[in-house]
Amino acid sequence: DMLRQFGERIARILVVDDDRDFVRLLTRMLEGSTLRPYQVDSAYTGQEAIEQIRLQRPDLILLDLNLTDMNGQDVIQAVRAMPEGGALPILVISARDDIEPRDALPGTMLITKANGLTTADIVQWTQRVLDGGERESAGA
């Protein structure tokens, strides 16, 4: 595996979103980052995400709340119920700005932007989380 030569600098990221085009674009941006190489896995449903996390724990989850098969909050609860799931950083991505992050999404970082998020915004926040271990809510 070519990525192993970078050792600990590799961050495994799981992108969970039912928009396949968005996932492909975000994957290209994260894997092609000049600041840091990322290994990106993807899941298009909540159930697929939970199965992948059980098989191979990522360093970070980028999660859309509006999935076709289940609510993103249900995915968060399932992850938190897993061994060591409480320490797994989850970055919730939403164009909605009416979510109460501390009440609805404990242990996650929420990025919201009423007029939408760009993939560049998401890459920037991903870098911050992986480098700084941020676990608080922030508006982009």
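The values are calculated or read from the model by the stated rules, or taken from the named source; none is laboratory data. Since we're looking at a predicted model, the values are computed, not measured. Ideal geometry is used to build each Cβ from the backbone, glycine not excepted, and the neighbour counts take in all protein chains shown. Remember, those area values only see protein heavy atoms, side chains included, never the ligands or the DNA or RNA. Shrake-Rupley method; radii C 1.70, N 1.55, O 1.52, S 1.80 Å.
Within region 36-49, if we keep just the residues that are part of a helix (DSSP H, G or I) and open to solvent by less than 10 Å² (accessible area, probe 1.4 Å), the residue that is farthest from G72 (Cα to Cα) turns out to be A49.
Rundown of residues vs (1) crowded, with 21+ Cβ neighbours inside 10 Å; (2) in contact with a strand residue (DSSP E or B) (Cβ under 8 Å, 6 or more places away or on another chain), yes/no style:
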residue: I53; (1), (2): yes, yes
residue: L62; (1), (2): yes, yes
residue: L67; (1), (2): yes, yes
residue: G72; (1), (2): yes, yes
residue: A78; (1), (2): no, no
residue: L88; (1), (2): no, yes
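T27 - would you say it is in contact with a Ser or Thr (Cβ under 7 Å, 6 or more places away or on another chain), open to solvent by 20 Å² or more (accessible area, probe 1.4 Å) and in a helix (DSSP H, G or I)? Criteria met by T27. The lone criterion from (1) more than 12 Å from the chain's Cα centre (by Cα); (2) assigned to a helix (DSSP H, G or I); (3) at pLDDT 60 or above left unmet by D103 is number (3).
Out of T119, T108, one residue alone is at pLDDT below 80, in contact with a strand residue (DSSP E or B) (Cβ under 9 Å, 6 or more places away or on another chain) and not small (G, A, S). It is T108. Remark: pairs (first residue in region 45-68, more than 15 Å from I122 (Cβ to Cβ); second residue open to solvent by 10 Å² or more (accessible area, probe 1.4 Å) and in a helix (DSSP H, G or I); Cβ separation under 6 Å; 6+ apart in sequence or on different chains) = I50/A78.
Which condition does I61 not pass, out of (1) modelled with pLDDT of 85 or more; (2) hydrophobic (A, V, I, L, M, F, W, C); (3) in a helix (DSSP H, G or I), if it passes all the others? Going through the list (1) modelled with pLDDT of 85 or more; (2) hydrophobic (A, V, I, L, M, F, W, C); (3) in a helix (DSSP H, G or I), I61 breaks only (3).
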